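First comes the structure, then the notes that go with it.
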Amino acid sequence: MSSSGSGLLKFDRVSTIRVVLPLTALLAVSHGFTAVGADLYLDEVKPLLAEKCAACHGPLRQEGGLRLDAAELILKGGDSGAIVDSKRPEDSLVIERVNAEPLLRMPPPDEGEPLTRHEVHLLRRWIETGTPAPESEPWLPGPEAHWAYQPVRRPEVPEADLITQVSANPIDRFLHEEMRKSGTHPLPQTDDATLLRRVTFDLTGLPPAMAEVEQLALSEERFDYAARVDQLLARPQFGEHWARHWMDVWRYSDWSGFGDELRGSQRHIWRWRDWIVESLNDDKGYDRMVAEMLAADEIAPHDPDVLRATGFLARNYHASNRDIWLDATVEHTAKAFLGMTLNCARCHAHKYDPISQQDYYAFRAIFEPHQVRTDYVSGEIDRELDGLPRAFDADLDAETFLYEAGDEKRPVKEHPLAPAVPSFMEASLRVSPIQFKIEDRYSALRPEVEADRLRAAAEAIVKAEAELADLREARPTSDGPAIALKPEQAFTFISARLKVAEARRNRDQWQKRYQAERLKYFFSESPDLSRVAMEAARLEREHALLTARRASAKSRESFHRKQAEGGDLSKLLKDIEKQRKAVRKAEQALTKEDDQYSPVGEIHPETSTGRRLALARWMTDPQNPLTARVAVNHIWLRYFGEPLVANMSDFGLRAKRPRHADLLDWLAAELMSRGWKMKPIHRLIVTSEAYRRASGGHAELTAQSVAVDPDNETLWRMNPRRMTAEMIRDNLLSTCGLLDKTRGGPSIAHERGEEVFRRSLYFQHANEKQMQFLTTFDSPSPNECYRRTESIVPQQALALANSRLSNQAADNLLKLLVETRDVDHFISQAFRATLGRDALPDERELCRQFLEQHSRSGLLRALLNHNDFITLR
């Protein structure tokens, strides 16, 4: 419940309107509700109060001295006394207030929807049964005591147990301590074949090579696992695979426009994707990656390779509404890096976390000045064909206002907000403006861009001259002089000659404008500046005149062609008159004598606010309690299928202290101590005994552990995991020798997934533009995917069994296997190639029977549909 004004229980009880339904009616409303006792409270009442009432009567606020987030506190009441009466439930003040008229009702109209009749009945039923609740029910802590808001401190690693001989890996020490407390027994290490397949997929997203599996099967010695881990971490496929994981978190989305329309994201956003891949392969520190994504333009404004990182911001672009754009930026910056749901405070104070509406808009102020532009890239002057989308501060004086109730039409303009992080963090941003050199804010003036521009102008001259030569070559002639041209043909020649002149003057004016701009910005005291500027202005106007004359000639050509055909000429006559006026205007402009030429490109502000860089530094400061914890939680999830903290994007007060909190903190501290480099964390995880455990079998140990930990919270075994959609497709291609391992470059059209055999990472991924094969296996939403969901639907089996891709893969795999008449040898090859292991005895017998009636290609298709083909054991 909520209150607007004085405490919940300070209103006149007589003035309330009580709605007391007969018990029979209440039972009818209950829709068969049967929960009793503490279950009623835990399953129904407590979640109801948390949703409807905790914002004003919880750990953050206690209107009227009342808390409603635990039964003990409910029974304690508030400033006005008790609010429940088990002997006379209908007289309980809490029942009166949820049934009151709108002005007195709880929650108030501006704080939430009223309780439904069924919800009122649940609350009343709980009171009637004597308010049963569990003993020692935990309360939500205040922010000052919340585990996730405490600075990261490296916990002591538990001592090794001399009896059980726990490994030296700190991960195993922490997990063993929890297993000891709970009475679970870890399964032993899995077999080498399973482990090789598991770690190769987890680190590269691809299966081990067939030769590696064969070698392992024939060897009598255990393979050097630690050496293999180092090899896998060094492969370029590591960055490709883990880039896709982080692209989920950072909401990678390709441009989804139609025609020239920009609808979310940006053209050429793939450059950010390639930056992610390269950064992970180079083991760039996570802190540096965060800083570059938020503020590469303020860190390295001269380096296009680094500027690619701000695709994280460019991706949020929204053409029609700046508020939607900035709302997405605030929400997903906070969720991705801080595990903080700031977006909940856009319209009102956060219901569960200590985040005010003012905090939300102060955080937005960090991003308020920024915009997105597309810089030139080497070799291309048409930025629609190629370019570098990147962030920059465009409006240094942009103000941020709080919107009443989140309504953009109701800004509180009397009180503009300064940029800040949430106030409960008790930290301030150290903002320092960044000064830019001219080449950093005027990318078109860079020498390589000038060279590209002039080369394109020269190529245009060559092309225009060739077209004119072709016209002359094709001109009809007789044995004597050339045949007289028809009017439309004459204007075709005139247009072609004007095109040559226009192209030549275009080259001249670009040369002179570049010369003038270099003098203006690098040699402003030069005595030649005025003269060169005058020449640049004249050449630019001459080029404009030639352009107008050619357009006029084209209009006349169209007129005479239409006239010869006998068509309607009225529209063409209007067009001719329009072009004639344009020529006259260009001729008049040519009579001017001034130095006003156009810049060679956009010129951007001399400074950046430095706000985003300040935010990045605050986020990655060792004293920030959230960033490192959130990062290692994401890494852990991708290895074990379950995170250490359940809600990947919300470490707020509702996130209870995780069972393995000390392990989480140790990993977070380790990440920071290693310069935020992630490969050491990957190596620690995959070399732990926890990671190398078997996922099944060992019936006696399994039975003992299942009895006390059925959900495997202590990780006494490895969790089997279905591969991601991208891994399934890439596995299919790689296993069957079809995978094209070309790296990087523009995104490939999503509909070409069955004809282009690049890794799935490189295909278009946007709203309404995703490969069907991938969406069938639950590929991530481009809008938000902090943790993927999985479904089991018939279409998945059909995709593996009947798709053109699967059939082609199976046929190609048959060609790769060694020809043999030995059926058992073929079966062994087939299993090792597809499932990374040998066939079990009963599987081998089934395969023999299958091959008596079916082709070997059919067996391979069946194995590509085996559950183990898409599962990591």
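How many residues, within region 174-229, are in a loop (DSSP other than H, G, I, E, B), touching a Gly at 6+ places or on another chain (Cβ under 8 Å) and of a type in the set (A, V, I, L, M)?
Selection size over region 174-229: 1.
Within region 466-483, can one find any residue that is touching a Leu at 6+ places or on another chain (Cβ under 7 Å) and of a type in the set (Asp, Glu)?
Scanning region 466-483 turns up no residue that is touching a Leu at 6+ places or on another chain (Cβ under 7 Å) and of a type in the set (Asp, Glu).
Tally the residues that are at positive phi and in a helix (DSSP H, G or I), restricting the search to region 694-732.
0
Return the only residue of 146, 176 being closer than 30 Å to residue 427 by Cβ and surrounded by 12 or more Cβ atoms within 10 Å (Cβ to Cβ).
146
One line per residue, one yes/no per condition, for (1) small (Gly, Ala, Ser); (2) closer than 30 Å to residue 251 by Cβ:
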residue	(1), (2)
775	no, yes
786	no, yes
791	yes, yes
805	no, yes
812	no, no
830	yes, no
845	no, no
861	no, no
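Go over the candidates 655, 669, 699, 661 one by one and state the one that is surrounded by fewer than 21 Cβ atoms within 10 Å (Cβ to Cβ), modelled with pLDDT under 95 and under 30 Å from residue 142 (Cβ atoms).
655
Only one of 323, 353 is under 25 Å from residue 631 (Cα atoms) and either more than 18 Å from the chain's Cα centre (by Cα) or in a helix (DSSP H, G or I) (or both); which?
353
Could you please tell me which pairs satisfy a Cβ distance under 8 Å, a separation of 6+ or placement on different chains, a first residue in region 59-76 that is at positive phi, and a second residue that is assigned to a helix (DSSP H, G or I)?
64/8; 64/9; 64/10
Look through 584, 541, 531 and report the one residue that is out of contact with any helix residue (DSSP H, G or I) (no Cβ under 8 Å at 6 or more places or on another chain), within 19 Å of residue 510 (Cα to Cα) and either in a helix (DSSP H, G or I) or outside the structural domain of residue 431 (by TED's automatic domain parsing) (or both).
Just a single option satisfies the conditions, and that option is 531.
Please go through region 431-461 and pick out each residue that is of a type outside the set (A, V, I, L, M) and not in a helix (DSSP H, G or I).
Correct list: 432, 433, 435, 436, 437, 442, 446.
Could you go through region 247-260 and let me know if any residue there is over 30 Å from residue 355 (Cα atoms), surrounded by fewer than 23 Cβ atoms within 10 Å (Cβ to Cβ), of a type in the set (Asp, Glu) and not assigned by TED's automatic domain parsing to the domain that holds residue 390.
yes
Before we move on, is residue 524 among the polar types (S, T, N, Q) and under 50 Å from the mean Cα position of the chain (by Cα)?
yes
More than 32 Å from the chain's Cα centre (by Cα), farther than 25 Å from residue 239 by Cβ and modelled with pLDDT under 95: which single residue out of 217, 211 fits that description?
That would be 217, the only listed residue that is more than 32 Å from the chain's Cα centre (by Cα), farther than 25 Å from residue 239 by Cβ and modelled with pLDDT under 95.
Among the residues of region 787-798, is any assigned to a helix (DSSP H, G or I) and touching a Leu at 6+ places or on another chain (Cβ under 9 Å)?
The answer is no, given that none of the residues of region 787-798 is assigned to a helix (DSSP H, G or I) and touching a Leu at 6+ places or on another chain (Cβ under 9 Å).
Quick check on my filter: what residues within region 633-663 are over 28 Å from residue 197 (Cβ atoms) and part of a helix (DSSP H, G or I)?
661, 662
So residue 327 ticks every box in (1) buried (at least 19 other Cβ atoms within 10 Å of the Cβ); (2) without any contact (Cβ under 8 Å) to a residue 40 or more places away in the chain; (3) within 26 Å of residue 743 (Cβ to Cβ); (4) of a type in the set (D, E, K, R) but one. Which box is left unticked?
Unmet condition: (3).
What is the one condition in (1) of a type in the set (S, T, N, Q); (2) farther than 30 Å from residue 652 by Cα; (3) at pLDDT below 95 that residue 506 does not satisfy?
(3)
Quick check, is residue 592 assigned to a helix (DSSP H, G or I) and either at pLDDT below 95 or surrounded by 11 or more Cβ atoms within 10 Å (Cβ to Cβ) (or both)?
no
Here are 599, 625: which of them is more than 30 Å from residue 547 (Cβ to Cβ) and modelled with pLDDT of 95 or more?
Result of the check over 599, 625: 625.
Determine whether region 392-402 contains at least one residue that is assigned to a loop (DSSP other than H, G, I, E, B), surrounded by 15 or more Cβ atoms within 10 Å (Cβ to Cβ) and in contact with a helix residue (DSSP H, G or I) (Cβ under 6 Å, 6 or more places away or on another chain).
yes
Of the residues 590, 613, 671, which is over 30 Å from residue 295 (Cβ atoms), in contact with a helix residue (DSSP H, G or I) (Cβ under 9 Å, 6 or more places away or on another chain) and not aromatic (Phe, Trp, Tyr)?
None of the other options fit; the residue is 590.
How many residues does region 426-464 hold that are touching a Phe, Trp or Tyr at 6+ places or on another chain (Cβ under 9 Å), under 30 Å from residue 359 (Cβ atoms) and in contact (Cβ under 8 Å) with a residue 24 or more places away in the chain?
Selection size over region 426-464: 3.
Determine if region 706-722 includes at least one residue that is within 25 Å of the chain's Cα centre (by Cα) and crowded, with 16+ Cβ neighbours inside 10 Å.
Yes: region 706-722 contains one or more residues that are within 25 Å of the chain's Cα centre (by Cα) and crowded, with 16+ Cβ neighbours inside 10 Å.
Taking region 180-207 as the search range and keeping residues that are surrounded by 22 or more Cβ atoms within 10 Å (Cβ to Cβ) and touching a Ser or Thr at 6+ places or on another chain (Cβ under 7 Å), which one is farthest from residue 281 (Cα to Cα)?
184
Going by the structure shown, is residue 612 assigned to a helix (DSSP H, G or I) and under 21 Å from the mean Cα position of the chain (by Cα)?
yes
The values are calculated or read from the model by the stated rules, or taken from the named source; none is laboratory data. Keep in mind that this is a model prediction, so the values were computed, not measured. A quick note on method: Cβ atoms are made from the backbone with ideal geometry, for glycine too, and the neighbour counts reach across all protein chains shown.
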